Amino acid sequence: MKKVAILTNGGDAPGLNAVIRAIVKTARTNGVECYGFIEGYKGLLENNYVKLDLASNASGLLHKGGTIIGTSNSTNVFNYKVVNEDGSVEYKDLSDKCVENIKNAGFDCVFALGGDGTQKSSRDFSLKGVNFIGVPKTIDNDVAHTDMTFGYNTAVSVATEAIDRLHTTAESHHRVMVLEVMGRYAGWIALESAIAGGADVALIPEIPYDINKVVEKINERRSRGKEFTIVVVSEGAMPKDGEMVVKMNLNDGSGLDNIRLGGIGDKVANDIERLTGMVSRSTVLGYVQRGGTPSAFDRVLSTKYGTKAMELAMEGIFNVLVTYKDGKMGYVTLEDVVGNNKVVGAASGNTKESNIRKVELNDDLVRVARDLGMCLGD
């Protein structure tokens, strides 16, 4: 083990730089050189990488948000969008070029920091004989086989603070305040922040909601003299017999999530106002959740992930995902992470075959929410 490379792919998350720092520092301890591909798999395809050195660019990263080597969430090298000279568009499998770049540079292993889509590509590259080690990164906390991904704790903390602030406005003006948070296919952020912030309603993708149940909760509170209500809703929540609210359909090619969500908060607020007569307002937290300084918890968790990843590389354990399970660091094969989504280059995260970690109805968070009298829309 002499040279390794790191790439950060998908949406940014608090703690990415802390993982990079941990890998670089552990690599130095073991006499290994570290490099970083610029903008994720895009940099891998373009052979664009820089050396990561603790004396310069890889120093002072622990508290910094974002990622110093950039990221991309619109690059599937197995089905890459190519615009020809005549303006026509076609999609090509350019993964062999990536493999060639890795081998020519002499990288013994590539660390891929990303969510389910990123790890799907990691598995696909492993089938081509390249050593990959995945590190789960998503504020949605929905990567299979790991209890918590770095960045999630920070996102929940930001959402909880927003709920605290909305409480004062809601109570002062006797309004319903709806907070839309991230969570495309899993409702972890919405559910945990709702509990932490004392919200009255939490709507998540795993439980299609009945707006009439939400109205019942609001009216029940009013009957007790509570003239305000706090509603937290995941961006991927949907009404019974309805669909997710899609802001825009993209055309980045198969293997990518071509749906841009947005608007469920407004829909819920408008429906509530129409059915109750109470003034209702929606706040979309958006990218505030995934930016900025990571929490102390995420700094430690990120460091654990980074050091464990480099330890696995030194042990010659490749084509695995680093996991955090039952309070301990471990690993599972990338094949286990992919699950039933076996087709190379195929989409991940938005198909029935995807193996993402969703909120189960018997989860402790669901039980706690119900015990507290929180409405989950069912």
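Read the figures in this text as sums done on the coordinates, not as results from a lab. Remember, predicted model here, so these are calculated numbers, not experimental data. Neighbour counts run over all protein chains shown; Cβ positions are idealised from the backbone, glycine included.
Some points to look at:
- Strands (runs of 3 or more DSSP E) fully within segment 10-105 that include at least 3 residues being farther than 27 Å from Asn141 by Cβ, without any contact (Cβ under 8 Å) to a residue 60 or more places away in the chain and touching a Gly at 6+ places or on another chain (Cβ under 9 Å): 49-51.
- Within segment 106-129, restricting attention to residues that are in a helix (DSSP H, G or I) and of a type in the set (Asp, Glu), the residue that is nearest to Ala22 (Cα to Cα) is Asp116.
- Wholly enclosed helices (runs of 4 or more DSSP H) of segment 151-224 bearing at least 3 residues of a type in the set (Ser, Thr, Tyr) and under 19 Å from Ile356 (Cβ atoms): none
- Only residues that are of a type in the set (Lys, Arg) and farther than 16 Å from Ile102 by Cβ were counted across segment 8-58, and they come to 3.
- Only one of the numbered conditions (1) outside any loop (DSSP other than H, G, I, E, B); (2) surrounded by fewer than 23 Cβ atoms within 10 Å (Cβ to Cβ) is not met by Asp147, and that is (1).
- Filter pass, Glu220 being within 25 Å of the chain's Cα centre (by Cα) and surrounded by fewer than 24 Cβ atoms within 10 Å (Cβ to Cβ): no
- Qualifying positions in segment 272-307 - under 20 Å from Tyr324 (Cβ atoms), of a type in the set (A, V, I, L, M, F, W, C) and in contact (Cβ under 8 Å) with a residue 24 or more places away in the chain: Phe297, Leu301
- Residue count, segment 46-66 (criterion: over 25 Å from Val77 (Cβ atoms) and surrounded by fewer than 15 Cβ atoms within 10 Å (Cβ to Cβ)): 6
- The residue pairs whose first member lies in segment 318-342 and is aromatic (Phe, Trp, Tyr), whose second member is outside any helix (DSSP H, G or I), and whose beta carbons are closer than 6 Å, counting only pairs six or more residues apart or on different chains, are Phe318/Asn131; Tyr324/Thr146; Tyr324/Asp147; Tyr324/Met148; Tyr331/Val320; Tyr331/Val322; Tyr331/Thr323.
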